[in-house]
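Encoded as structure tokens, the structure appears first; notes follow it.
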Amino acid sequence: MAASSPPAQHHPIQLQYQRGLPMSRGKVMLWLFLSTEIMFFAGLIGSYVVLRFGAPSGTWPRPGDVHVEEWVGAVNTFVLICSSLSIVLAHEAARHDRVSSARRWLLATLLLGATFLGFKAYEYHSKWSHNLIPKAPHGSMYDRADTTYVSAVTERLAQLTADMYAETARQNDLQVLLDGLPDQLKGLQREIDDLTQEQSELRQQLEPAASTGSNAESEADVGPIEALDEEERTELQMELDEVTEDLAAASEEYNRLRRQSPDMRDEFKRLSDAQTTRESRLKIAEGLLNSAAKWTSNVVGTDPDAVTQQMAMMTLAYDIYPLEAYASVAEHYRKMEAVQLEQAVRDLGRLTAQSTKTEESATAQMNKFRENVAFLVESQQQLTEALAELAESAPENSANDSNAETAVEQGPADDGASAVEAALEQPVAPEVEEAATADREPTLAEQLVIVRQQLSIANEQYAAAATEVTGAQQTLQDASTELARINSRRELVSEVANMHEGLNHHFSWLRLPMSVPGGHMWASTYFLITGIHAVHVLIGLIVFVIILPMRLDRRRAGILENTGLYWHFVDIVWIFLFPLIYLF
């Protein structure tokens, strides 16, 4: 039997813990902070990617459409990469106790970060000057060139012209006020002096005892002043109160004019200095209002072709703020419009020539009819006088005379004028028509009736000729107005064709609405993402400014390391943003 082995002895397990990574609390907290920042920027960039690449074709602005310059983004990227290198060199210098070298590299990092913010300020100023900023509900950017957009352009131009007219009217009013201000102040001063004197006299009457002393001798000569009764004192007091109120009102008006006169002179000088510029701008704004905005509205309202309407609105948008997407449409519409305007000018030329010929012919006829009317009026007057003399000399006539002579016989013998009127009121009798065809000489009454008929016909002919002349003149005036409108449009098109940057760039004071598809959404996301990133850059620069005065030796190397980690994160975020914003 084999010998049994002794029982094994169990000892407790001895565990030896290995130390973790040698990380300071500051670095741990920084990594926790950076983890939240990574998720935050990942959400922002992811949302931008979904919006940008999920937008249908033609509904998101290209970088050039919104003045995003690739070279600026490339320079900023290079600047941040250089700053990341300089912060690493500053950290290495601090680890090796090269204090001055570390400070120089940290200062270089600070300057590079400030350069980055300087370029961002340049970009933001460019967006602001071109009015590419987000506003509720859509600011100056419209997604489509439609009737709403055309109405906004018209409203903006109308507001500009109204404001400039108001400034001109204000300048004229101020000139009138300032010209009459010295006389007005003198008049108020005289009124104040008169009221002051009247107030003093009334007070002396109410307080006779106050006039003792120097007036004692005069009182001795004329006797004591009679005391005022209660009713007289009340009337004087009421009059004194009224004078006091008038004096206070006049003094207040005088002081108000004295206070406001310097401000009015300054305002008048400002308006006068800007008069030349204002008149020039008013001419431009009115020209654009009539030959661009209202012209496009007229095309949209009168042209039955929906494609032509859309092309006209897109051309207006292109003239204001040229987008590459609208370039081909605008070029095609301008060629088509040039042909139409040329044809319209030829049609107006033919219409003008025809209307001129019609006016000349109608004017000649009208002059002829005028002479005929004058001759008939004179003949009528002579016959009337002859008939009146006949009525006076022979008040009684036979029953076989004409209806006019019968009327003379029935009237009073001493009233020849009434007999003539009665003869004129009689209808044309058959005997008159027979006399016109017979060989016998018509009587005076019959001649008068015939002249009356001819005069009526001549008046109708004259009125018809005058109406024709008026119509021809109105046609000529309308043709002249339309020709002037067409010429203004052609001049505007010619001028705008040389403005390659558009009206808003050439006349920055216009700030007209722009048609930028997706422009408002782009502006909102652009300023949100780049603004948040710029804030992070600014925070890093503030930390650099705080660290810079310190002694950057081995003991401060940890601070530079943690700050460098934050700065690297800011740099990496920009490396992701650069291609998304500047290249797509």
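Where a number appears in this text, it was derived from the coordinates with a stated rule and is not lab data. Since the model is a prediction, treat every value here as computed from it, not as a measurement. Here the Cβ is made from the backbone with ideal geometry for all residues, glycine too, and neighbour counts use every protein chain on show.
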- Task: Could you point to the residue in L552, L188, T147 farthest towards the positive end of the chain's charge dipole, with +1 and -1 charges on the Cβ of Lys/Arg and Asp/Glu respectively?
- Result: L552
- Message: Taking the Cα centroid of the range 123-190 and of the range 450-474, what is the distance between the two, rounded to the nearest whole Å?
- Response: 53 Å
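Can you pull out the trypsin sites (Lys or Arg not before Pro) in the range 436-539 whose DSSP state is coil and whose Cβ has at most 12 other Cβ atoms within 10 Å?
Numbers: sites: R440, R452, R485, R489, R490, R511; in loops: R440, R511.
When the trypsin sites (Lys or Arg not before Pro) of the range 436-539 are filtered for loop state and at most 12 Cβ neighbours within 10 Å, R440 remain.
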- Query: Relative contact order, percent, of the chain when contacts are C-alpha pairs under 8 Å separated by at least 6 residues?
  - Reply: 31 percent
- Query: Using the alpha-carbon centroid of each, what span in Å lies between the range 64-122 and the range 329-370?
  - Reply: 69 Å
- Just tell me, in residue order, which DSSP H segments of the chain are both 30 angstrom or longer along the helix axis (alpha-carbon based) and at least -0.5 in mean Kyte-Doolittle hydropathy. 25-54, 70-95, 99-129, 444-497, 519-547, 557-582
- M141's amide H: which non-local residues (gap 5+, or another chain) put their own amide H closer than 5 Å, with H modeled 1.01 Å from N in plane and none for Pro or chain starts? M514
- Query: Can you pull the Rg over Rh of the chain, Cα-only, Kirkwood?
  - Reply: 1.35
- Task: Could I have the simple spin-label model distance between N498 and L580, label points 7 Å from Cα toward Cβ, reported in nm to one decimal?
- Result: 4.4 nm
- What is the spin-label model distance, in nm, from N172 to K186 if the labels are put 7 Å beyond Cα along the C-beta direction? 2.7 nm
- With only helices counted (DSSP H, runs n ≥ 4, each -39500 (n - 2.57)), the per-residue ellipticity at 222 nm for the chain, to the nearest 500, works out to -27000 deg cm²/dmol
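Quick check for me: using +1 on Lys/Arg Cβ and -1 on Asp/Glu Cβ, what's the dipole size of the chain about its Cα centre, in debye to the nearest 20? Don't skip to the end; give the middle numbers.
On the way: 46 positive and 82 negative charges, 2054 e Å.
Around 9860 debye, computed over the chain.
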- Excluding residues fewer than 8 positions from K368 in its own chain, the lysines with Cα under 30 Å of it are K357
- Lys/Arg +1, Asp/Glu -1 at C-beta; the range 228-323 dipole; positive extreme among A285, L271, Y321: Y321
- Item | Contact order relative to length of the range 18-170, as percent, for alpha carbon pairs under 8 angstrom and 6 or more apart | 16 percent
- Message: I want to check the label-to-label distance for I532 and E389. Put each point 7 Å from Cα in the C-beta direction and report it in nm to one decimal.
- Response: 11.3 nm
